[in-house]
Amino acid sequence: MRVYVPLTLSGLAEAYKTGELGAGPLVAYAVTPALREWYLSDDIEELEYAALSRAGLASLRLLAADPGAVRRRVVVAVDVPDGAAVADPDRGLDPVALGEVRIGGAVLLAKAAAVHVDAGDAEVDVAAAAEALHAADGGDDDAQFVVDGADDHELLWYATQEIPNLVGLGD
């Protein structure tokens, strides 16, 4: 099963050093029944893109909670065994939790299929979105417009071999 784990660049650097995304439980995003129902598509690529986008929003939440973090969203795509990622049925239709799954055990970075990261030119918009997130959650339409502006930037695909360069540990 493919899951999308939201991180920050500093979280990715830590994962690179330790070899794991976390000891668990971890929150990730995947194609869940609730996400399928919300997205109204049977196209698996579209559904996986929706799960990736949900993880991108969760990464933005991590940035909002860490003012010192580099303002670039990070999502790691990881393949985990079926059944390792479980959706909470009580939160299935909660709009905030669409696509959310929990992984109980450690997730090794070696299981990552790819890393998705904002380009440097997204930092201004991502910073503004992180700043506006709390107000947007409170129903402020102008703030929601700013948050949505981060989605105008596609998360770029990187091979896992490129992680050292992404986190500043490369040659």
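Listing for the model above:
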quantity: Matching residues, region 12-53, being on the phi < 0 side of the Ramachandran plot, touching a strand residue (DSSP E or B) at 6+ places or on another chain (Cβ under 7 Å) and touching a residue at least 60 places away in the same chain (Cβ under 8 Å); calculated: L12, A15, E20, L21, P25, L26, V27, A28, Y29, A30, T32, L52
quantity: Complete set of residues in region 88-104 that are at pLDDT 80 or above, in a loop (DSSP other than H, G, I, E, B) and surrounded by 14 or more Cβ atoms within 10 Å (Cβ to Cβ); calculated: L98, G99
quantity: Count - residues of region 1-13 that are crowded, with 16+ Cβ neighbours inside 10 Å and assigned to a helix (DSSP H, G or I); calculated: 4
quantity: Exclusive hit being in contact with a strand residue (DSSP E or B) (Cβ under 6 Å, 6 or more places away or on another chain), surrounded by fewer than 13 Cβ atoms within 10 Å (Cβ to Cβ) and among the aliphatic types (A, V, I, L, M), set A85, A159, A119; calculated: A119
quantity: Residue list for region 17-50, restricted to those being in a strand (DSSP E or B) and open to solvent by 30 Å² or more (accessible area, probe 1.4 Å); calculated: E20, V27
quantity: Which numbered condition G139 misses (of (1) under 22 Å from A28 (Cα atoms); (2) assigned to a loop (DSSP other than H, G, I, E, B)); calculated: (1)
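The values are calculated or read from the model by the stated rules, or taken from the named source; none is laboratory data. What you see is a predicted model; the values in this text were computed from it and never measured. In this analysis, Cβ positions are derived from the backbone assuming ideal geometry, glycine residues included, and neighbour counts consider all displayed protein chains. Heavy atoms of the whole protein, side chains included, go into the accessibility calculation; ligands, DNA and RNA do not. Shrake-Rupley method; radii C 1.70, N 1.55, O 1.52, S 1.80 Å.
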